[in-house]
Amino acid sequence: MNTNAIGPNGPSDDELLAGVRRRMAAVEPLVPLPGAWTEAGVGFGTPVRVGVRSRIGFAGLAPLVLVAALVVVAVGVGFGGRQWGGGGAGASQSPRWATIIYQLTPAIGQQITAAEFDSTVAIMQARLSAMGITTATVEKLPPDRVSVHVVGDVQVDPVPGNVMSVRGFLNSTYRLEFVPLPPETYGTSAGAGPVAVPGRGYALEGSLPALLSGSDVDPSGVAAGIDPGSDGWALTVHFKSQAAATFKTWTETHINEYLAIVMDGTVLAAPYIRAQVSDGAMTVSGGFTEADARWLADVMRIGPLPVPVQEASYTASYAIDGQNGVPAATVGTVAVAPIVTPSVSTPADIPTSGRTLGNPVAPVTLDLWVDFQCSACRSFAEDTQAQLMDNYVRQGKLKIVYHDFIVIDSMNGGHDSEDAADATRIAADQGKFWVFSDYLWANQQNEQVGEFSRDRLIEIARLSGLDVAKFTTDLDAAKYLADVRAESAAGKAAGLTGAPTILVNGTAVGDRGMVPDYAAISAVIDGQLASPSPVTSPSPVPTN
């Protein structure tokens with residue numbers, strides 16, 4: 001529990017300190033390179049087919065199976081040379097039991113009824129049973145928490161029956177919607193519109209009304225079976241009578257238009273209507289396995305949670321020295337802070353390319369060297385950077401380019417800064433660098449080890465609208481870790497001494513050891529814009 005000297009319900013002392021630090025960022029020194037870095041060199045260690053009863057085509061996207069890998073949490077497993085999860089004796093062993101506490105998080109103004117509370121518990125229990133976990137108990141913890149306790153040898157590998165792989169399965173609402181995509185915006189199968197049809201894993205732009213929802217699905221009409229048109233499995237969804245009539249009427253007048261199938265705000269598929277659907281049933285196939293199709297059928301039959309939940313803590317007992325039974329154990333409890341929505345977001349109407357924001361041929365370039373754990377960097381991004389976007393980037397006068405300069409990991413002994421930087425580059429592959437980095441800034445936790453753990457990065461990826469399965473694969477492979485380290489080393493070799501460092505057309509702005517404010521930066525930008533030939537010094541590394 002977070003407590004402070006004032007009262008048990010207030011923020012922790014560390015949280016209070018973090019808030020003070022963020023507000024003082026304009027006058028505090030930038031985060032310097034660790035002494036060890038100053039004294040010595042930096043040491044771094046098959047195509048998918050989806051159709052709907054042959055009447056609805058598919059926009060070349062992957063199947064509904066995306067949700068099967070929304071959040072998979074591994075404790076003590078090394079990926080790409082990194083050790084995910086907590087340390088300590090026994091932390092790399094298999095848990096012998098685990099308890100997860102979930103906090104119910106109703107919408108603003110929503111009052112949780114006793115029936116909704118009971119239904120939430122029953123659905124979570126049903127989900128565990130559907131995954132073959134028979135040693136789990138789900139209990140109410142009044143007034144607004146649920147306890148899930150699993151007993152047995154729980155392996156860390158992401159396989160059915162493993163508590164580490166089902167934490168996200170229990171945590172997700174799985175609210176299903178069928179959303180028409182307006183042809184004036186998204187076009188039709190006969191011609192593209194001004195906005196591309198959203199791909200698997202992307203969030204829909206804006207707020208579009210749903211034609212049907214998960215409550216319109218007939219649970220008894222959900223089935224997994226062999227797809228007669230391929231070697232894979234298919235998922236068939238039947239709508240209830242009234243919904244079936246609505247679906248039939250809609251398809252009659254919307255031939256060639258797209259219909260997005262959305263779960264928890266994330267697009268799973270976007271097929272188009274080939275002809276009127278008379279029987280109110282959709283069959284979606286994509287070459288997925290029997291286990292995938294049956295799992296999805298279970299999700300739809302069980303239904304969504306009536307009240308969303310958020311993991312509040314995770315406690316596990318680990319076996320020592322590979323012994324059988326339940327020997328002495330190391331017990332660790334990890335409090336998981338909820339992922340918050342950014343209060344400051346990068347405007348969607350500003351052009352981007354990878355880690356570059358703004359007009360690619362803007363006359364002035366601002367190179368920003370940051371560490372995503374650095375609180376001074378966060379203050380700069382949420383204050384000064386936001387002003388620069390409004391007053392220069394939006395007008396095409398300035399482009400901002402991000403660079404990685406890792407400093408916090410060597411101070412706290414963790415690897416969250418490197419992991420976060422690696423994750424942003426992976427997000428950039430999917431065109432989501434800026435929304436992902438907005439979430440990172442908003443979810444800093446006072447430069448603590450674990451603030452950007454694997455499970456939190458994966459959840460941020462989901463909320464950012466990424467293809468979570470691909471993101472997770474790339475994250476576990478440490479896809480860009482070597483690039484992060486190389487860019488950070490290049491910054492040091494070029495004479496950078498801390499984060500954030502701001503260069504305007506290649507020249508550092510501000511006094512050494514201090515973060516320049518908006519006035520100082522804008523003065524330099526204005527000077528460059530007023531010059532007949534802006535002086536551009538090369539950046540320490542190529543922008544990308």
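Considering region 264-280, and only residues there that are surrounded by fewer than 18 Cβ atoms within 10 Å (Cβ to Cβ) and within 18 Å of VAL217 (Cα to Cα), the residue that is modelled with the lowest pLDDT turns out to be GLY265.
Any residue at all in region 249-263 that is crowded, with 22+ Cβ neighbours inside 10 Å, at pLDDT below 80 and hydroxyl-bearing (Ser, Thr, Tyr)? No, region 249-263 contains no residue that is crowded, with 22+ Cβ neighbours inside 10 Å, at pLDDT below 80 and hydroxyl-bearing (Ser, Thr, Tyr).
When residues in region 431-458 are screened for being surrounded by fewer than 20 Cβ atoms within 10 Å (Cβ to Cβ) and not aliphatic (A, V, I, L, M), 5 of them pass. Taking PHE178 as the residue in question, decide whether it is touching a Gly at 6+ places or on another chain (Cβ under 8 Å) and at pLDDT 90 or above. So PHE178 fails the test. Among the residues making up region 351-365, those that are under 17 Å from ALA427 (Cβ atoms) and in contact with a helix residue (DSSP H, G or I) (Cβ under 7 Å, 6 or more places away or on another chain) are THR352, GLY354, ARG355, LEU357. Counting only residues that are under 23 Å from GLU447 (Cβ atoms) and among the basic types (Lys, Arg), region 472-504 holds 2 of them.
The values are calculated or read from the model by the stated rules, or taken from the named source; none is laboratory data. Just so it is clear, the model here is predicted, and its values are computed rather than measured. Neighbour counts are summed over all protein chains in view; Cβ atoms, including those assigned to glycine, are modelled from backbone coordinates with ideal geometry.
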